[in-house]
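Undergrad: Right, I'll just put the structure down here and ask away after.
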Amino acid sequence: MESNAGIGAGPDAVMDMPVSPMKRKPDLWQPRQPVFWLLLLLAAFGMVSMILSLVATEAALEVWMVALVAFALQTAVLLWVARILPRVRSQSLSLRLGAFLLGSLGAIGLAANINGEYGGFLPAYGLKNFQAAISAPITEDASRMICVIAILALAVAARGTLSVMDGVVYGFLVGAGFEVFENLLYAMRADALADALQSAVMRMLMGFGLHALWTAVAAGALAYVWSRVLAGQSSRWWVIVPAYLLPMLLHMGWDAPGIYVFPLFKFVEWILLYLLTIGAFVAVVRWGRLDERRRYGADGGGSAGVSKAAAIHSQTP
Amino acid sequence: MEPNEADGGGTPAVPTDRDGRRPQWAAFWSMLGIAALVIAIPVTLGAAAPARDADAAGFHERVNFVPGSESETKAFGGFVAPEGWIWVIPEDSSEAERFKQLRSPDGASGFIAELVTDVSDPEAELRGAAPAGSALQPVVSGTTGSGFTTYRMQDDHAAGDAITERVLVCSLLPQGHVNCVRFVITDAGNSNWDDAIHGLIDSVEVL
């Protein structure tokens, strides 16, 4: 495996990074990992798909401007949230960026291409009103999980360990990338400046960050199971089931047509679903923080749990 | 927070598991497996899809009326279209917004629905829209499962062969006037569709 340092190192890194005779490569760059090439393939496919989608919108310049400003604003907010999630140990910078880019290109490219297929046959089952509620939770959540698996696999390969918080942060970023690009596409489809503004504002006010929050919940559970396997413990694989199904069901409820004709009721539904989402997210973040304290100690120095093994490894050249 | 990034600075990344450096084949195959599954689901369901009229109403297909901009009364109204009934789309798009028309799969029954706003006397409204000969027919009032008031009147000009039922489902507004959804149901005596019509009327919401 390549050594790690240098590229992407921030100011903190300058102060805290151990002196190393070798220049280290980013954790994201792991050509020996088959997952790395699959990740590249997915990103390339998504990039082509997204470029074609953006070009197809034939949006006016002012629509482009509004969409890009909203994109930048949403990206900044979500990246900041991802940054403040861990308390003890932050995640790899290159993997964080990779998660965001993979979510914004790979996950959305894959989901966008498959989602459309559902429109072709759901009316035959009498479910044309439920197309979004059925297709989106299946394809979008699965597409994001594919990306999460790729990033977590590279994290494991780089560090040999994984924490619940790794899953939460990388999952959040995959979902964040997905969300900001989806919002960008919605804004770009506007015919006029006012429509683009409305789309940008509405997408920030109503359910902002949902994809990121949902993916963080499922990814946190996945990282938990994975970390137990790495530590040689029983996997407790079943933890993934509710953690994956709950965001799917919330997503389904969000996209489902309103139960009542009055728009006010749909708003009430959305508020309840958002509160449930926030509740699930807060729970998984707390779980992640407890887990990282247990693993690395309050100061990140490693005084308990897995860090015992880390201490052994740190003595090996 | 203690930064701990191999490429972002901080505490060195210390592997706790020597296997971590091995190729992550399980992750690789999991990714491919999930991708294959996600692609296979719509392909399989699409191949197995039953034949169905493209204009047939779907499961729990909610139909909402959009009040015209010229309307002074803010009103919401809608109903759940009977599943499997066939949409009859008027050529005029403004008509399509105002009137919602469906017919039963066998073509025997059908209905046209419309949102009627600011109604002061539902019974008079019902009689006013009925043929002159049926003006003396009784109006039966009742309540839907959701608590909306119904007014029903039947007319039959073909000795039992062509019963038309007119139904108003109205909201309970405090100011005296009401908003209603009006249905004109043709061949209402056809018992094959009693359940569908009953469900239709029961599904109405209006405010």
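The values are calculated or read from the model by the stated rules, or taken from the named source; none is laboratory data. Everything numeric in this text was worked out from a predicted model, so none of it was measured. FYI the Cβ positions are ideal-geometry reconstructions off the backbone, even for glycines, and counts take in every protein chain you see.
Residue-wise test of (1) within 11 Å of chain A (Cβ to nearest Cβ); (2) within 30 Å of A:Y296 (Cα to Cα); (3) at pLDDT below 75.
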| position | (1), (2), (3) |
| --- | --- |
| B:S30 | yes, yes, no |
| B:A36 | yes, no, no |
| B:T44 | yes, no, no |
| B:G58 | yes, no, no |
| B:E70 | no, no, yes |
| B:E91 | no, no, no |
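Undergrad: Six or more apart or on different chains, Cβ under 6 Å: which pairs go from a residue in the stretch A:253-265 that's more than 9 Å from every other protein chain (Cβ to nearest Cβ) to one that's of a type in the set (S, T, N, Q) and surrounded by 17 or more Cβ atoms within 10 Å (Cβ to Cβ)? Could you list them?
TA: Within 6 Å, no pair qualifies.
Undergrad: Please go through (1) exposed (fewer than 14 other Cβ atoms within 10 Å of the Cβ); (2) at pLDDT below 95; (3) part of a helix (DSSP H, G or I) for A:Q233 and return the number of the only condition it doesn't satisfy.
TA: Unmet for A:Q233, out of (1) exposed (fewer than 14 other Cβ atoms within 10 Å of the Cβ); (2) at pLDDT below 95; (3) part of a helix (DSSP H, G or I): (3).
Undergrad: Please work out if A:L105 is under 28 Å from A:M202 (Cα atoms) and either in a helix (DSSP H, G or I) or facing chain B (nearest Cβ under 10 Å) (or both).
TA: In short, yes.
Undergrad: State whether one or more residues within the stretch A:143-151 are within 30 Å of A:S227 (Cα to Cα) and of a type in the set (D, E, K, R).
TA: There is at least one residue in the stretch A:143-151 that is within 30 Å of A:S227 (Cα to Cα) and of a type in the set (D, E, K, R).
Undergrad: I need every pair where a residue in the stretch A:32-57 that is free of Cβ contacts under 8 Å to residues at least 24 places away in the same chain has its Cβ under 7 Å from the Cβ of a residue that is surrounded by 16 or more Cβ atoms within 10 Å (Cβ to Cβ), sequence separation at least 6 or different chains.
TA: A:P34/B:F28
Undergrad: For the stretch A:116-127, give me each residue that is crowded, with 19+ Cβ neighbours inside 10 Å and either over 13 Å from B:L45 (Cα atoms) or in contact with a strand residue (DSSP E or B) (Cβ under 9 Å, 6 or more places away or on another chain) (or both).
TA: A:P123
Conditions (1) at pLDDT 95 or above; (2) under 18 Å from A:S53 (Cβ atoms), marked per residue:
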residue: A:R159; (1), (2): no, no
residue: A:S163; (1), (2): yes, no
residue: A:L173; (1), (2): yes, no
residue: A:F178; (1), (2): yes, yes
residue: A:E182; (1), (2): no, yes
residue: A:L193; (1), (2): no, no
residue: A:Y224; (1), (2): yes, no
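Undergrad: Also, I was wondering about something else. Just checking, which of A:A60, A:A56 is more than 10 Å from every other protein chain (Cβ to nearest Cβ), exposed (fewer than 12 other Cβ atoms within 10 Å of the Cβ) and either under 25 Å from A:S90 (Cβ atoms) or at pLDDT 85 or above (or both)?
TA: Only one candidate passes the filter, namely A:A56.
Undergrad: Further, regarding this structure: Quick one: which helices (runs of 4 or more DSSP H) lie wholly within the stretch B:87-204 and hold at least 2 residues that are within 23 Å of A:K128 (Cα to Cα)?
TA: Because the criterion is at least 2 residues that are within 23 Å of A:K128 (Cα to Cα), the helices (runs of 4 or more DSSP H) in the stretch B:87-204 that meet it are B:93-98, B:194-202.
Undergrad: Do the conditions hold for A:Y186, that is, is it modelled with pLDDT under 95, surrounded by fewer than 19 Cβ atoms within 10 Å (Cβ to Cβ), under 20 Å from the mean Cα position of the chain (by Cα) and not hydrophobic (A, V, I, L, M, F, W, C)?
TA: Judged against the criteria, A:Y186 is a match.
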